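The values are calculated or read from the model by the stated rules, or taken from the named source; none is laboratory data. Keep in mind it's a predicted model, so treat the numbers as computed, not measured. All Cβ positions, glycine included, derive from the backbone under ideal geometry; neighbour counts span all protein chains shown.
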Amino acid sequence: MALRSAHLLGLREMPAEDITAILDAAVAFKEILHRPIPKVPTLRHVTVVNAFFESSTRTRISFELAEKRLSADVVNFSASTSSVSKGETLIDTIRNLEAMKIDLVVMRHPLPGAPHLLAKHCDSKVINAGDGPHEHPTQALLDMMTLRDKYGELNKLRVTLIGDIAHSRVALSNILGLTTMGAKVAVCGPPTLLPRNVEDLGVTVYYDLDEAIAKSDVLNVLRIQLERQDAGLFPSLREYHATYGVTSERLAAAPKPLTILHPGPVNRGVELDADVADGPHSVILQQVTNGVAVRMAILFLLAGGEK
């Protein structure tokens, strides 16, 4: 089935049916990744431009792998070596690329709403690979796939996002996607890292990590953005770890085994201890594998593929 929207800009308006279609398609594409030759000709003759105006490692490589696994023609665009550095506008840049007959644009940009602007001014399909602190829809979808792999369904699963909720595009997309799918979502962190009126998104708020652990099935531990430490949002990394760091001792005291997700990169010893990141509770590496499968599914469906 094709998605209702021509683009993937965020999860705020995405219906449960479309999320399910992406996750179902991703299961089929994940099987391809385990073949001796993990490649299919599905998107042969489709041209995809990866336009990253902000640094990225995991997301950019994951998209590029997904595109190549589907046999798409791939063009990697770097803002630092493009005419953008000479003053060219975003719209002019993409219109010039479109004149070269491209089909899809995967864009990461530091400004919220940039992919939405792009979608209004070009004919190509646009995929949001992260727009500032706003949304990161493909990360939330791969997180949901990872949880569905383990639990079978997302309905009524209790998921708590821990850390810098206010500045996290991963947090917003997870909240929107998980609540759409019927999960019970909570957030936990110091007041300075929680958005004002976050309860309006339908989440429960915890300020005590041990209380959140006791009432959760899953912890999605977000990266503490060290570049924001100078803003004084919390006293020190040591104090943050003592109050909100997920440790094996905290998990051992939980009433039931929990599942640990992290979007990466992990600040070991800050938001997550190394033995937890590498331990039996963690599904972090599964998230990475599922990321390629989910992005293959999105590219396929937006390109007009039929399941």
Original post:
When you go through 159, 218, 203 one by one, which is the residue that is more than 23 Å from residue 286 (Cβ to Cβ), of a type in the set (A, V, I, L, M, F, W, C) and touching a strand residue (DSSP E or B) at 6+ places or on another chain (Cβ under 6 Å)?
Top reply: 203
Original post:
Just a yes or no: is a residue in region 95-114 closer than 30 Å to residue 217 by Cβ and not assigned by TED's automatic domain parsing to the domain that holds residue 185?
Top reply: no
Subject >> Every residue from region 106-128 that is touching an Asp or Glu at 6+ places or on another chain (Cβ under 9 Å) and among the small types (Gly, Ala, Ser) >> reply: 113, 114, 124
Original post:
Quick one: which of 44, 4 is surrounded by fewer than 16 Cβ atoms within 10 Å (Cβ to Cβ), not in a helix (DSSP H, G or I) and not assigned by TED's automatic domain parsing to the domain that holds residue 102?
Top reply: 4
Subject >> Hits in region 123-177 - residues which are part of a strand (DSSP E or B) and small (Gly, Ala, Ser) >> reply: 129, 130
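Listed here are the residues, each with its yes/no results for (1) in the same structural domain as residue 258 (by TED's automatic domain parsing); (2) at pLDDT 95 or above; (3) surrounded by fewer than 24 Cβ atoms within 10 Å (Cβ to Cβ).
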residue	(1), (2), (3)
122	no, no, yes
151	yes, yes, yes
158	yes, yes, yes
164	yes, no, no
180	yes, yes, yes
186	yes, yes, yes
195	yes, no, yes
205	yes, yes, yes
236	yes, no, yes
**OP:** Considering only region 178-224, state which residues are of a type in the set (S, T, N, Q), closer than 23 Å to residue 273 by Cβ and assigned to a loop (DSSP other than H, G, I, E, B).
**Re:** 216
